[in-house]
Structure formats: C-alpha cells, structure tokens
Protein chains: 2
Amino acid sequence: MRDVLNITKALADGNRLRALMALADGELCVCQIIEMLSLAPSTVSKHLSILHQAGLVEARKEGRWMYYRLVNRTGSKAAREAVAWLRRNLAESRQVVEDTKTLRKIVCIDREELCRKQNRS
Amino acid sequence: MRDVLNITKALADGNRLRALMALADGELCVCQIIEMLSLAPSTVSKHLSILHQAGLVEARKEGRWMYYRLVNRTGSKAAREAVAWLRRNLAESRQVVEDTKTLRKIVCIDREELCRKQNRS
DNA sequence: GATATACTTCGTCATATGGCGAAATATAAA
DNA sequence: TTTATATTTCGCCATATGACGAAGTATATC
C-alpha cells in the first residue's frame, strides 16, 4: 500500500506531471526542467526528489549536472505501469503539447547560459 | 490534464484507496464503507464524492441507501485503467487483505442495525 | 587551495486537505 | 403530515503540501 500511495501522491501535482511528461523523450538536466516549469530551482529539486522517492524517475550525476529520466525495466512494476498510464492518457494534453514545444527550444540553449540566467533571477 | 490530475489526486489518499479496493468485489452501501474505514459518515461521504468526481466510482440510490461501485465500460479510459492498475498492484497489500476479511463480516450485518450503530456513536 | 556554479536542504509562509460534529436534505415509515 | 433515518453539505480545526529565498554541498575551474 505504501509503495502505491507514494506513487499516487507523487502524481497528484500538476507540475510533477509536467516534469514526468517532459522526460518522455529522454533524460533532461535539472536546469532544463527548471526552465520549462518556470519555478524556483529549490522547488523543482523538491519535485524531482519526490518523483525519485516514488521510483518514477532515475537520476544520474555527471560533473556538476544532474540528469533525470523515466524509470525503465529496473523500476518497480507499479511505477513502470504508472508511467505508461500517464504517457497514454496525458500525451495529447494541451499543456503537455505546449511544454514539448517549449522544451525543443530549451534543449538548444547552452546549459551554462541557462543556469547563469537562473542564478540571476 | 485536469482529468488525469483529478484521478491522481483522488488516488492520493490511503482511505480512498481502501474504499476503492473494497468495491473490487461489487457495490457497497455507504454505511458498509463507513464501518470498514471506521471514520465519521461525513468524512466517508466526502471521500466517495471525490472518487465520484474523478470518475472512478459510480453511484446508485435505492431508497434511503446509496450504493457505490467501481467504474465499468461507461467510464473514461483513464479512470478504467487507473482502477485496473490499482487492482493489480494493491490486491496483495496487507491492509487490503485485512479489509477484505473485515468486509466479509460487515456485509453479513443487517444494514439497518449498522446504520443505527453509526448514528449512536 | 580559492572561487564559481549546479543542485539540494532548510526554514518559513500561504494555501490545500482530511478529520469531525452540527445542520440540511431526501426518502421511508408511522 | 409527522417522525425516523441514511447520506450529504457546511463550518471549523489541525496538519500536509507547495512555493520561495538563504544557506549548505559537491564538483569543476582558476
């Protein structure tokens, strides 16, 4: 029950759903997710940590950068199925389609520049 | 997005998960769910209304009694899939197994008596 | 080593949520 | 029509959650 509840609680927030769907096309750096959600770095970090605790995303550190991606085979069945359910039922959401467009631009921006901008604001 | 979020928020509470799983074997009267959860009638009613708003359960009124059941074919795809996911991943949960046992006793109690008891307390 | 920087953790605040009991509603029974 | 009763709605309170900025941590660069 606790595992399932961890998952459903993690999914019970719009910004976390957006973050998950953003990862559907492959891993992203935290600063890219920050940019897409237009939220404070600390807030996004917390969201990602909640998704990670629920087993919905995996994390990888590379130098100063932290990458997150959706769970794959290694994750729990419940988590993998939840992600699949999301992708089926959220792919055509207006918000998600819009986010996907925004992301296509964001991934073109140099990450150093992206982070510098976020530090300033 | 709002539909999906309504579902995930509805699922983000342990007592609502228990209520949903209780309905896995067929419809139940509100007073039976109240008894199983050991919560105030008003609280349970609110939980059921949230599940109903999310499209996860259907309601049927028969005289003074109100019956709730899981969504069937008529429900949204997202809701039906969510219920199926729950049933797959929660059926063996300790809490749910225990609730199922309790329910077997509850459905034997005369409903009039059940409700009278709940009014007193 | 010292500095810069990408991210996380912590403390705080405003709002959301879950719990209850009292009052309201709807239906059955007298 | 009055009374009883099953459920819901409302108002209140305590706790949980999401947001932020400041401080902390870890890694790269000077």
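The values are calculated or read from the model by the stated rules, or taken from the named source; none is laboratory data. Model, not experiment: these values are computed from the prediction. All Cβ positions, even for glycine, are placed from backbone atoms using ideal geometry, and neighbour counts span all protein chains on display.
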Every residue from segment A:55-83 that is within 14 Å of another protein chain (Cβ to nearest Cβ) and surrounded by fewer than 14 Cβ atoms within 10 Å (Cβ to Cβ): A:77
Selection status of residue A:113, at negative phi, within 11 Å of chain B (Cβ to nearest Cβ) and more than 12 Å from the chain's Cα centre (by Cα): no
Lone unmet requirement of (1) more than 14 Å from chain A (Cβ to nearest Cβ); (2) crowded, with 17+ Cβ neighbours inside 10 Å; (3) within 16 Å of DNA strand C (Cβ to nearest atom) for residue B:106: (3)
Test set (1) part of a loop (DSSP other than H, G, I, E, B); (2) surrounded by 13 or more Cβ atoms within 10 Å (Cβ to Cβ) - residue A:52 fails condition number: (1)
Filter result (at pLDDT 95 or above and not basic (Lys, Arg)) within segment A:75-90: A:76, A:78, A:79, A:81, A:82, A:83, A:84, A:85, A:86, A:89, A:90
Long-range neighbours under 7 Å by Cβ, at least six apart or interchain, first residue in contact (Cβ under 8 Å) with a residue 24 or more places away in the chain within segment A:44-55, second hydroxyl-bearing (Ser, Thr, Tyr) and near DNA strand C (Cβ under 8 Å from one of its atoms): A:48/A:68
Residue match in segment B:57-69 (condition: modelled with pLDDT of 95 or more, assigned to a strand (DSSP E or B) and of a type in the set (Gly, Ala, Ser)): yes
Scope segment A:83-103; condition touching a helix residue (DSSP H, G or I) at 6+ places or on another chain (Cβ under 9 Å) and part of a loop (DSSP other than H, G, I, E, B); matching residues: A:91, A:93
Qualifying residue in segment A:58-73 (condition: basic (Lys, Arg), touching a strand residue (DSSP E or B) at 6+ places or on another chain (Cβ under 6 Å) and within 13 Å of DNA strand D (Cβ to nearest atom)): yes
Of the criteria (1) in contact with a strand residue (DSSP E or B) (Cβ under 9 Å, 6 or more places away or on another chain); (2) of a type in the set (Val, Ile, Thr); (3) under 26 Å from residue B:80 (Cα atoms); (4) within 13 Å of DNA strand D (Cβ to nearest atom), which one residue A:8 fails: (1)
So residue B:30, is it closer than 25 Å to residue A:3 by Cα and touching a helix residue (DSSP H, G or I) at 6+ places or on another chain (Cβ under 8 Å): no
Residue pairs meeting the criteria (Cβ under 6 Å; at least 6 apart or on separate chains; first closer than 19 Å to residue B:4 by Cβ, in segment A:96-119; second more than 10 Å from DNA strand C (Cβ to nearest atom) and of a type in the set (D, E, K, R)): A:99/A:18
Filter pass, residue A:72 being assigned to a loop (DSSP other than H, G, I, E, B) and out of contact with any Leu (no Cβ under 7 Å at 6 or more places or on another chain): yes
Residue within segment B:24-39 that is of a type in the set (Gly, Ala, Ser), part of a loop (DSSP other than H, G, I, E, B), away from chain A (no Cβ under 14 Å) and surrounded by fewer than 20 Cβ atoms within 10 Å (Cβ to Cβ) present: yes
